[in-house]
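The block underneath contains the structure these notes are about, expressed in structure tokens.
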Amino acid sequence: MAWLVVRLAISVSLLYAASAVFEDQVGKFDWRQQFIGKVRFALFDTHSQASKKLLVATDKNVFASLNSRTGDLFWRHVDKTGPEGHIDALLMYGQDAVVVVGNGRLLRSWETTVGGLKWETVLDTGSFQAAALVGVQDLVKYVAVLKKSAISLHDLSSGSQIWGENLPDSDSVQYQTIYSGENGLVFVLGIVPNSHIVIVEYKIEDGEIMNKKSVEAAWMSSLESSCAVVSSGILLCVDQITQSLYTLPLQSAEQTEMRQIHLQMLDLEVASGFRPVLTSTQPNPAQPPLSEFFLQLSPDHHILLQFKDGLIALLRDFSPVRTNACSINLFSADTGRKHLDTTIIYHMDPNGGKPNRLYVHAFLKKDDSVGYRVMVQTEDLTLTFLQQPGRVVWMREEALADVVTMEMVDLPFTGTQAELEGEFGKKADGLLPMVLKRLSSQFILLQAWLAHLWKLFYDARKPRSSVKHEVTIDILSRDEFNLQKMMLMVTASGKLFGIDSKSGTILWKQYLENIQPNSVFKLIVQRTTAHFPHPPQCTLLIKNKDTGLGSLYVFNPIFGKKSQISVPTLPRPVLQTLLLPVIDQDYAKVLLLIDDQYKVTAFPSTKNVLQQLQDTASSIFFYLVDSSQGKLSGFRLRKDLSTELIWEVVIPTEVQKIVAVKGKRANEHVHSQGRVMGDRSVLYKYLNPNLLAVITESTDTHQERSFVGIFLIDGVTGRIVHEAVQRKARGPVHFVHSENWVVYVYWNSKFRRNEFSVLELFEGAELYNSTVFSSLDRPHAPQVLQQSYIFPAPINTLEATLTEKGITSRHLLVGLPSGNILSLPKMFLDPRRPELVSEQSREENLIPYAPEMPIREEWFINYNQTVSRVRGIYTAPSGLESTCLVVAYGLDIYQTRVFPSKQFDVLKDDYDYILISSVLFGLFFATMISKRLAEVKLLNRAWR
Amino acid sequence: MCRLCVAALLLLAAASCSLDVKLHDDEDEDEDAMFQTPGGDVRVRVSGRALVPGVRAQDWIASARVLLDGDKHVGFLRDDGSFTVSDVPSGSYVLEISSPTYRFQPVRVDITTTGKMRARVVNYIKTSEVIRLPYPLQMRCIGLHSYFIPRETWGWSDFLMNPMVLMMVLPLLIILLLPKVFNPSDPEMRREMEQSMNMLNSNQELPDVSELMTKFFSSPKSHGKAGGGARGHRGGAPSARGGASRRKMKD
């Protein structure tokens, strides 16, 4: 009987241990936001008036179609990351969009309504220079791609190559642009810097070179930056030194000299030191290039010029205007006159960046007046879509496509909540005042509840559409179970976001200017919201990757405001940060910053803090990793805030290199000290809070000789607690280090599969010192158990769930390249899983060992809401022990809650109130009736 | 007879001929899909076709991608469901079609250094096992993803078919109904019942279980130092049935 029960328990736990989603929970507590990244090309579908399509190609190798009325995605195609998926050019003709990908490696044509691929061709290698649509007699039929040393022409409908030719003298001439007129010729323009321009004419039909000429231009160093093609085949160049424009008709065979036009003749002058820029419309055979063009004379001075019959005329001078709000006006290109009623005032966000790009879609309205829509991209990657008259139609925060790090902060209490909480913290001041206090607080609660009821009633009477659920910071407060939190997100572009975790609404945003593109960020919560009236405080350490110099940005995580606290300047590169549990008189945790001379800076550094640091200095240790020299070193703090070296571990860099080092999370709780075994003895866990997991990879990448190593090192003493090697394995290694276990994933290069390995550390049957763990006093080495499993899918990222008290069983969250997030019970990654099932292992609920890890679709916590390119998963405990908050970020952001042991501490949301109450009432009435019947019966019997 | 033989031979020859032709065709295709980079390593194009029966391609291709070994190489689907993944160097890859709605079986694609390709069933445990699949790939949808688990619903049938309920209800029925079916006070019936009991207990020599147990436990010598197991040995060689029953008792 007993074994049956055990087996039943196992099967039950197998069935229900995993957190799965019920269909009616969709969208109840989870949300997803999809992003595209920084827009590099954007094209409006001008094919028809009613079209809502807006095609965009971004620096994240994403090609997408947006709904220009709402800003939502119609479809999105995410190519591979890195330069191989980089989008070089986007051309559009009719319903088709042609994209050049991967430095001219691939040419793809997309059908833009559905988002399906039409064709794809592989081009020859060679760095991409330019692409253009080529037409014959107003009909676009081909697309030409110019490479460094070759040109090829492809058919637009099938993608097949019509012809491909090598360019003449390609080793000395830099071919840079391509132009096609209406006359069946393709012009390729190249340059020999500071010598001459080369113009080659190709025949469209067979690629025959019709004409080749070179034009003297000793002053020119680059075609792309100083030249443009205007009107019908006129090459126009600008020279900074002589302050003049040069023109050259491309088609005439006899003219081999550029005509010079001095800018002084037009009463124009280039600002000193500024390189003038020419801007013209993109040449497109379907729509001949305009004869009007822009000349930029200084960073904010543009003029509109017209080229007509060999003469250049000034149409309009746009001199710089300095205001806080930008205005957008529509001007006629023919005359330079401003169209009436076309001004849009664009208000710049004070916390945002400056606008740097406009994408305009102008159209004729029904009454023949001109209307237009415009998409503005700012430095902080905000896309704003504006429509006349000055209405913001939608906004997208594309900075969120590249989240670097994030934290979750509890929301603050409201005044009443704080009052209630304060009651428990205070010292008792007599019985009667406490009773009165209690009563008054209960009265406040009752009042709040009544107000809530009234609001519900009031809202219910109004029609649903008029009830708006707008979320603002002011109305946000902590909910009953602390399930709603503030998500702080730091993006690579230097923009910070505060997002409500329940709805995904952006509550505040702050753009930090002057952030280097290769900065590293570290976000530290120094003071939580628990210390009312002190405001919560977060610190962002921004570090330049090249110089190592860092700076601190201190802010309030709830309102996003910069704190007025004075910040220490960091003159030396920062190597390591350490958040101590020591708090100053304002309840802020102390942050230690260690620079490259091993000097320590404390923040905040008040007298109180320094005093505390002096007292505790001998027990503050930290470690440094130098992966270039393969060195791990441990330091101890001295009283004068200098440091002393205690230990050093060198992992020779000739053999292997350190890839990653991870300690345990500071806010993690371990509920049980050990595991109860089948024979009722206890196997105690080795819970060393100072343990570091160091992952190394071999420098030899040969399939047979490569390996992945793991070292478990005590961060205080430098003792190597354990060492393991996986042969014939290579990275990328993803790993989680928690409690007494480390789980890591590597690629088995022999069998070409991903494998999980789990290491668990135990002290044994007896605990050496059960009250406190000290690294300095642990004579016995821990017992280490290890097991490996096959994981039948590739992996992007790995994280473990985290709960308030650590009672709930743990799950591993695995981000898959398909965009799903798998919640894998830790139970499957237990090195004690037996190969042969015994009575004891059954008693312990151990699952028999199986080499392959199961992947079940019910374990995908984000069902069909896939997260593209998931890069990180953040887990945070909530106020409920059963619930863990999860945020997955990558190109998209997905927030949800998981219940690794099901919702054992709250009523399930499908709890059958009706059944329970009907049974209760039924029983109640049954007892009443039977009581009555019994009475009658007794009475009858008495009468007998 | 002879003529028949000749005919068969001819047929065979024709078959082999057509086979040869087919092989050549295959190779031609491989050549066509192959590229040589300047570095000398081979780059091939993996192509195939994905099918979702009964669903228009437009409805699912925009959200689907073809992934080789995670997102090392990415391909997209055309509106007829066909796909190509370009620029793939030699090696062994697992090709899967990732769609948030439809499920496909992954396929392993091996590409040799000369650019030859084959497709086979993915087996992570026996990685060298080869069960060939047709190439160009034919990916067939094997159903919808089942992300959700159904809610436990409460129904009368579930309640009644519960083993606990059955265990309680059936004896209750027997207790209530049996006396009504036959009258135990009827002498004829009683005799019949006794007979059937004797039939069941046919071997009179075999010691009764309960008797045996009482004998063991009431034995005055065996209490004290000896454990239960030792006691069993001392009690002579109890029959298998006795042993089994003792185990049951312990439980």
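Against the condition surrounded by 13 or more Cβ atoms within 10 Å (Cβ to Cβ) and in a strand (DSSP E or B), how does A:GLY634 come out, does it pass?
yes
State yes or no: is A:GLY815 at pLDDT below 90 and within 32 Å of the chain's Cα centre (by Cα)?
Spelling it out, it is not the case that A:GLY815 is at pLDDT below 90 and within 32 Å of the chain's Cα centre (by Cα).
Which of the residues spanning segment A:74-106 are in a strand (DSSP E or B) and more than 10 Å from chain B (Cβ to nearest Cβ)? Lay out the reasoning, then the answer.
Step one: list which residues in segment A:74-106 are in a strand (DSSP E or B), which gives A:74-78, A:87-93, A:96-101, A:106.
Those that are in a strand (DSSP E or B) and more than 10 Å from chain B (Cβ to nearest Cβ): A:ILE87, A:ASP88, A:ALA89, A:LEU90, A:LEU91, A:MET92, A:TYR93, A:ASP96, A:ALA97, A:VAL98, A:VAL99, A:VAL100.
Which ones in segment A:378-397 are at pLDDT 85 or above and either over 30 Å from A:ASN514 (Cβ atoms) or open to solvent by less than 40 Å² (accessible area, probe 1.4 Å) (or both)?
A:THR378, A:ASP380, A:LEU381, A:THR382, A:LEU383, A:THR384, A:PHE385, A:LEU386, A:VAL393, A:TRP394, A:ARG396, A:GLU397
Condition check ((1) modelled with pLDDT of 75 or more; (2) within 30 Å of the chain's Cα centre (by Cα); (3) surrounded by 14 or more Cβ atoms within 10 Å (Cβ to Cβ); (4) within 29 Å of A:HIS47 (Cβ to Cβ)) across all residues:
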residue	(1), (2), (3), (4)
A:LEU295	yes, no, yes, no
A:LEU304	yes, no, yes, yes
A:GLY310	no, no, no, no
A:PHE331	no, no, yes, yes
A:ARG357	yes, yes, yes, yes
A:VAL376	yes, yes, yes, yes
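As an exercise: evaluate A:GLN786 against (1) open to solvent by 40 Å² or more (accessible area, probe 1.4 Å); (2) modelled with pLDDT of 90 or more; (3) part of a loop (DSSP other than H, G, I, E, B) and give the number of the one condition it does not meet.
So A:GLN786 meets the others, but not (3).
So is A:SER180 in contact with a Leu (Cβ under 7 Å, 6 or more places away or on another chain), open to solvent by less than 40 Å² (accessible area, probe 1.4 Å) and away from chain B (no Cβ under 14 Å) or not?
For A:SER180, the condition - in contact with a Leu (Cβ under 7 Å, 6 or more places away or on another chain), open to solvent by less than 40 Å² (accessible area, probe 1.4 Å) and away from chain B (no Cβ under 14 Å) - is not met.
Suppose the filter is within 9 Å of chain B (Cβ to nearest Cβ), touching a residue at least 40 places away in the same chain (Cβ under 8 Å) and under 23 Å from B:ARG65 (Cβ atoms); does A:PHE22 pass it?
no
Given the criteria small (Gly, Ala, Ser), surrounded by fewer than 21 Cβ atoms within 10 Å (Cβ to Cβ) and either free of Cβ contacts under 8 Å to residues at least 40 places away in the same chain or closer than 16 Å to A:TYR789 by Cβ (or both), does A:ALA765 qualify?
Details: small (Gly, Ala, Ser): yes; surrounded by fewer than 21 Cβ atoms within 10 Å (Cβ to Cβ): yes; either free of Cβ contacts under 8 Å to residues at least 40 places away in the same chain or closer than 16 Å to A:TYR789 by Cβ (or both): no.
Judged against the criteria, A:ALA765 is not a match.
Just one of (1) within 19 Å of B:LEU67 (Cβ to Cβ); (2) more than 22 Å from the chain's Cα centre (by Cα); (3) open to solvent by 50 Å² or more (accessible area, probe 1.4 Å) trips up B:ILE174, so point out which.
(1)
If I ask for residues that are more than 12 Å from chain B (Cβ to nearest Cβ), within 30 Å of A:LEU812 (Cα to Cα), surrounded by 10 or more Cβ atoms within 10 Å (Cβ to Cβ) and not polar (S, T, N, Q), which ones from segment A:899-926 would you list?
Of everything in segment A:899-926, those that are more than 12 Å from chain B (Cβ to nearest Cβ), within 30 Å of A:LEU812 (Cα to Cα), surrounded by 10 or more Cβ atoms within 10 Å (Cβ to Cβ) and not polar (S, T, N, Q) turn out to be A:PHE899, A:PRO900, A:PHE904, A:ASP905, A:VAL906.
With respect to A:ALA97, is the statement that it is at negative phi and touching a Gly at 6+ places or on another chain (Cβ under 9 Å) true?
Values: at negative phi: yes; touching a Gly at 6+ places or on another chain (Cβ under 9 Å): no.
Here the answer is no, as A:ALA97 does not meet what is asked.
Would you point out the residue of segment B:84-121, among those that are outside any strand (DSSP E or B) and among the small types (Gly, Ala, Ser), that is modelled with the lowest pLDDT?
If we take residues in segment B:84-121 being outside any strand (DSSP E or B) and among the small types (Gly, Ala, Ser), then B:GLY115 is modelled with the lowest pLDDT.
Kindly provide the set of residues from segment A:107-145 that are at negative phi, within 9 Å of chain B (Cβ to nearest Cβ), out of contact with any Asp or Glu (no Cβ under 8 Å at 6 or more places or on another chain) and not polar (S, T, N, Q), ordered by number.
Those that are at negative phi, within 9 Å of chain B (Cβ to nearest Cβ), out of contact with any Asp or Glu (no Cβ under 8 Å at 6 or more places or on another chain) and not polar (S, T, N, Q): A:TRP119, A:GLU120, A:ASP124.
Go through segment A:101-121 residue by residue and tally those that are free of Cβ contacts under 8 Å to residues at least 60 places away in the same chain and open to solvent by 20 Å² or more (accessible area, probe 1.4 Å).
The initial filter retains those residues of segment A:101-121 that are free of Cβ contacts under 8 Å to residues at least 60 places away in the same chain, namely A:101-111, A:114-121.
Checking which are open to solvent by 20 Å² or more (accessible area, probe 1.4 Å) leaves us with A:103, A:105, A:111, A:114, A:118, A:121.
Adding up the residues that qualify gives 6.
Can you report the number of residues in segment B:37-50 which are open to solvent by 60 Å² or more (accessible area, probe 1.4 Å) and either at pLDDT 85 or above or at the interface with chain A (Cβ under 10 Å from one of its Cβ atoms) (or both)? Give the derivation first.
Pass one, segment B:37-50, residues open to solvent by 60 Å² or more (accessible area, probe 1.4 Å): B:38-39, B:41, B:49.
Within this subset, residues satisfying the condition of being either at pLDDT 85 or above or at the interface with chain A (Cβ under 10 Å from one of its Cβ atoms) (or both) are B:38-39, B:49.
Summing the residues that are open to solvent by 60 Å² or more (accessible area, probe 1.4 Å) and either at pLDDT 85 or above or at the interface with chain A (Cβ under 10 Å from one of its Cβ atoms) (or both) in segment B:37-50 gives 3.
Select from segment A:552-586 the residues that are within 22 Å of the chain's Cα centre (by Cα) and either in the same structural domain as A:GLY634 (by the TED database) or not hydrophobic (A, V, I, L, M, F, W, C) (or both) and write down the one among them that is nearest to A:GLY352 (Cα to Cα).
Only one residue fits best here, namely A:GLY560.
Got at least one residue in segment B:188-195 being basic (Lys, Arg), surrounded by 11 or more Cβ atoms within 10 Å (Cβ to Cβ) and without any contact (Cβ under 8 Å) to a residue 60 or more places away in the chain?
Yes.
What tally of residues in segment A:29-72 results from selecting those that are of a type outside the set (Phe, Trp, Tyr), open to solvent by 40 Å² or more (accessible area, probe 1.4 Å) and either closer than 29 Å to A:GLY102 by Cα or in contact (Cβ under 8 Å) with a residue 12 or more places away in the chain (or both)? Even if it seems obvious, please write down each step before you answer.
Filtering segment A:29-72 for residues of a type outside the set (Phe, Trp, Tyr) gives A:30, A:32-34, A:36-40, A:42-43, A:45-62, A:64-72.
Going one step further and asking which of them are open to solvent by 40 Å² or more (accessible area, probe 1.4 Å), we end up with A:32-34, A:38, A:40, A:43, A:46-50, A:52, A:59-60, A:69-70, A:72.
So of that shortlist, the ones also either closer than 29 Å to A:GLY102 by Cα or in contact (Cβ under 8 Å) with a residue 12 or more places away in the chain (or both) come out as A:32-34, A:38, A:40, A:43, A:46-47, A:49, A:52, A:59-60, A:69-70, A:72.
Of the residues in segment A:29-72, 15 are of a type outside the set (Phe, Trp, Tyr), open to solvent by 40 Å² or more (accessible area, probe 1.4 Å) and either closer than 29 Å to A:GLY102 by Cα or in contact (Cβ under 8 Å) with a residue 12 or more places away in the chain (or both).
Conditions: (1) open to solvent by 50 Å² or more (accessible area, probe 1.4 Å); (2) among the β-branched types (Val, Ile, Thr); (3) within 13 Å of chain A (Cβ to nearest Cβ). B:THR127 meets all but one. Number of the miss?
Among (1) open to solvent by 50 Å² or more (accessible area, probe 1.4 Å); (2) among the β-branched types (Val, Ile, Thr); (3) within 13 Å of chain A (Cβ to nearest Cβ), B:THR127 violates only (1).
Quick one: in segment A:801-823, of everything that is of a type in the set (Gly, Ala, Ser) and open to solvent by 10 Å² or more (accessible area, probe 1.4 Å), which residue is nearest to the other protein chains (Cβ to nearest Cβ)?
Applying the filter and picking the extreme gives A:SER818.
Is one or more of the residues making up segment A:541-555 basic (Lys, Arg) and in a loop (DSSP other than H, G, I, E, B)?
yes
Could you tell me whether any residue of segment B:113-120 is within 14 Å of another protein chain (Cβ to nearest Cβ) and open to solvent by less than 60 Å² (accessible area, probe 1.4 Å)?
yes
Counting only residues that are more than 7 Å from chain A (Cβ to nearest Cβ) and either in contact with a strand residue (DSSP E or B) (Cβ under 6 Å, 6 or more places away or on another chain) or part of a strand (DSSP E or B) (or both), how many does segment B:68-82 have?
Residues that pass the stated criteria total 4.
The values are calculated or read from the model by the stated rules, or taken from the named source; none is laboratory data. These figures come from a predicted structure and were not determined experimentally. Every residue, glycine as well, gets a Cβ built from its backbone with ideal geometry; the counts of neighbours run over all protein chains shown. With ligands, DNA and RNA removed, areas are computed over all heavy atoms of the protein, side chains included. Shrake-Rupley method; radii C 1.70, N 1.55, O 1.52, S 1.80 Å.
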